[in-house]
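The values are calculated or read from the model by the stated rules, or taken from the named source; none is laboratory data. All figures in this text were calculated on a predicted structure; none of them were measured in a lab. Neighbour counts are summed over all protein chains in view; Cβ atoms, including those assigned to glycine, are modelled from backbone coordinates with ideal geometry.
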Amino acid sequence: MNENIFYVNISKLLPAEELGHGKDHDCPSQACEDLIQQKMHSIEAGNLEPLEVCNQKPVNPYRTQEEPSAPKTGISEPFYHVLNGHHRLEAAKRIGLEKIPVFLTPEETK
């Protein structure tokens, strides 16, 4: 297993709202629900890929920019912002998992 992957309590994971999750977003509701159901089946089959997270509030997540940088507030927080894996997070919550695997994005450590 990758040494950069660690497990965190699911209650310490927050969706990065700038990416459109954690609030109303333009993903068709049925499409989201279908993805979440697929992720639930995958997790129940033992396949849960780690979520990409950061522990500083993203100012502009690098996934929404042209260049690969992730400017943050510079203040580490006791929880993690999910940058990639919002549907997996929702699926894990619905299944009732308490801890899930995550990794800090490489941009986090620059």
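Yes or no, residue by residue, for (1) at pLDDT 75 or above; (2) within 23 Å of N4 (Cα to Cα); (3) of a type in the set (G, A, S):
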{"residue": "E18", "(1), (2), (3)": "no, no, no"}
{"residue": "S42", "(1), (2), (3)": "yes, yes, yes"}
{"residue": "K57", "(1), (2), (3)": "no, yes, no"}
{"residue": "N60", "(1), (2), (3)": "no, no, no"}
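What residue, of I75, I100, is of a type in the set (A, V, I, L, M, F, W, C) and either in contact with a Gly (Cβ under 6 Å, 6 or more places away or on another chain) or modelled with pLDDT of 90 or more (or both)?
On the way: I75 fails: either in contact with a Gly (Cβ under 6 Å, 6 or more places away or on another chain) or modelled with pLDDT of 90 or more (or both).
Of the residues listed, the single one that is of a type in the set (A, V, I, L, M, F, W, C) and either in contact with a Gly (Cβ under 6 Å, 6 or more places away or on another chain) or modelled with pLDDT of 90 or more (or both) is I100.
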